[in-house]
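Colleague: Below is one structure. I have some questions about it.
The values are calculated or read from the model by the stated rules, or taken from the named source; none is laboratory data. The structure presented is a predicted model; accordingly, all values stated were derived computationally and were not measured. We place every Cβ from the backbone using ideal geometry, glycine too, and count neighbours over all the protein chains shown. Keep in mind that these areas ignore ligands, DNA and RNA; they rest on the heavy atoms of the full protein, side chains included. Shrake-Rupley method; radii C 1.70, N 1.55, O 1.52, S 1.80 Å.
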Amino acid sequence: MPWLEARVLSYNSARMAITPAAAQAEALARLKALPGSLASRERFTDAICQLSNAKTASFDGVPRSSFALLAAAIAQQVRGPLLVITPHPSQAEDLATDFRMFSEIPTATFPAMESLEGATGSGNVGLIREEAVGSRLRILKRLAVALSSAATSENQSDSPWSSRGTPRVFFTSISALLQPVPARAEIFHPDCHR
């Protein structure tokens, strides 16, 4: 079959011309296009309508490997911030990393204030805790500023969520949400409340 051999040869020669960087760019472009493919699914659009009307939506039976894809698809469809909650703190970081494969929407991870197992007495526990506290305060402040801006914004194009640098998707764990945070006034004026 000479025509088959010619096809294979031309495929192989074309394939050899693709550089690793070009192949990686093409693969990333395909990954970023995946969330849009969920938009046409009926149950997905029903859930987006629920979320758009300030209600909750539940996605049952989603394999763990598809969480980031689902979060990216939801983030593309809804306006304003999206909070993604995981059972464990390490899962929030992993999910945020995976999310960035599917979307360029800015993200932030709201960490739990936890220390490393067995690190007691090592001198590092305080540093880990201070880093988590600082990160939590920075995220809370950015979120409060964005929410204040969104409340005063007349149209969607002025929304802080349309800005490239403002995180719009927040990843966190149940334990991080259950930990106390300072009052809004303390975030903006910490010296006035001591």
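Colleague: Which of the residues spanning the range 79-91 are at pLDDT 90 or above and part of a loop (DSSP other than H, G, I, E, B)?
Modeller: Answer for the range 79-91, where residues must be at pLDDT 90 or above and part of a loop (DSSP other than H, G, I, E, B): Pro87, His88.
Colleague: Take Ala96 and decide whether it is open to solvent by less than 40 Å² (accessible area, probe 1.4 Å) and modelled with pLDDT under 90. It would help to see each step written out before you state the result.
Modeller: Working: open to solvent by less than 40 Å² (accessible area, probe 1.4 Å): yes; modelled with pLDDT under 90: no.
No: the conditions fail for Ala96.
Colleague: When both residues are 6+ apart or on different chains and their Cβ atoms are under 8 Å apart, which pairs have a first residue that lies in the range 64-90 and is farther than 17 Å from Arg168 by Cβ, and a second that is among the small types (Gly, Ala, Ser) and open to solvent by less than 20 Å² (accessible area, probe 1.4 Å)?
Modeller: If the second residue must be among the small types (Gly, Ala, Ser) and open to solvent by less than 20 Å² (accessible area, probe 1.4 Å), the pairs left are Thr86/Ala92; Thr86/Ser173; Pro87/Ser173; His88/Ser173; Pro89/Ala112; Pro89/Ser173; Pro89/Ala176.
Colleague: So which of Ala132, Ala108, Ala112 ends up being outside any loop (DSSP other than H, G, I, E, B), open to solvent by less than 30 Å² (accessible area, probe 1.4 Å), within 24 Å of Phe188 (Cβ to Cβ) and modelled with pLDDT of 90 or more? Spell out how you get there, then give the answer.
Modeller: Details: Ala132 fails: modelled with pLDDT of 90 or more; Ala112 fails: outside any loop (DSSP other than H, G, I, E, B).
After ruling out the rest, the residue left standing is Ala108.
Colleague: Just for helices (runs of 4 or more DSSP H) wholly inside the range 1-78: which have at least 3 residues that are modelled with pLDDT under 85 and exposed (fewer than 11 other Cβ atoms within 10 Å of the Cβ)?
Modeller: 2-17, 20-38
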